[in-house]
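The block underneath contains the structure these notes are about, expressed in structure tokens.
Please treat every number below as a calculation from the coordinates, not as lab data. Being a predicted model, the structure only gives us computed values, none of them experimental. Every residue, glycine as well, gets a Cβ built from its backbone with ideal geometry; the counts of neighbours run over all protein chains shown.
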Amino acid sequence: MWIITLYSKDSIRMFEFESAKEAKEYFKSIKGSKILSEIIYYNDHCFS
């Protein structure tokens, strides 16, 4: 899961994406102070 956190003067907004490609495309299109984060859950099936 990928999260974009967008900071403005009055608020903080978060956007959630399933794929890195989708998140990175949206990340490029928005302006302002922003952070792109990958969320990893260690109980996911890929870590079993």
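Here are some notes:
- Residue match in region 22-29 (condition: of a type in the set (S, T, Y), in contact (Cβ under 8 Å) with a residue 12 or more places away in the chain and in a loop (DSSP other than H, G, I, E, B)): no
- Scan region 30-47 for residues that are of a type in the set (K, R) and part of a strand (DSSP E or B) and the total you get is 1.
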